[in-house]
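To start, the structure itself, in structure tokens.
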Ligand SMILES: [Zn+2]
């Protein structure tokens, strides 16, 4: 499975440029759908946005799960914002 490189949160039409820290999935009966990834800063905002989307049935009902992404670094990157 390849993950997006950027947070899925869109703030007033602008994509968030940060790399994601969490995978968001929805648990529904025996299924689990991965729906987005989100950076640390937008975790709470995304959670409330998802609740709003669930109430409008834009996304499946169920329990939202945030799973921390353990980054396996293969290239040389600067560990920015990793605290
Ligand atoms: Zn973000």
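How much length, in nm to one decimal, is gained on full extension between residue 54 and residue 8, taken as 0.36 nm per residue of separation minus their Cα-Cα distance?
Extending this stretch completely gives an extra 14.9 nm.
Order of 5, 42 from fewest to most other C-beta atoms within 10 Å? Walk me through the numbers before you get to the answer.
Details: 5 10, 42 21.
Fewest-to-most ranking of 5, 42: 5, 42.
What distance in nm separates the simple spin-label points at residue 28 and residue 70, each placed 7 Å from Cα in the Cβ direction?
Rounded to a tenth, the inter-label distance reads 2.9 nm.
Which whole number of Å³ per residue matches the convex hull of the alpha-carbon atoms in the stretch 10-68? Show your work: numbers first, answer last.
Numbers: hull volume 4.5 nm³, N = 59.
Convex hull volume per residue, Cα atoms: 77 Å³.
Laboratory data are not the source of any read-out in this text; all were calculated from the coordinates shown. What you see is a predicted model, and the numbers here were worked out from it, not measured in a lab. Backbone-built Cβ (ideal geometry, glycine too); neighbour counts: all protein chains shown.
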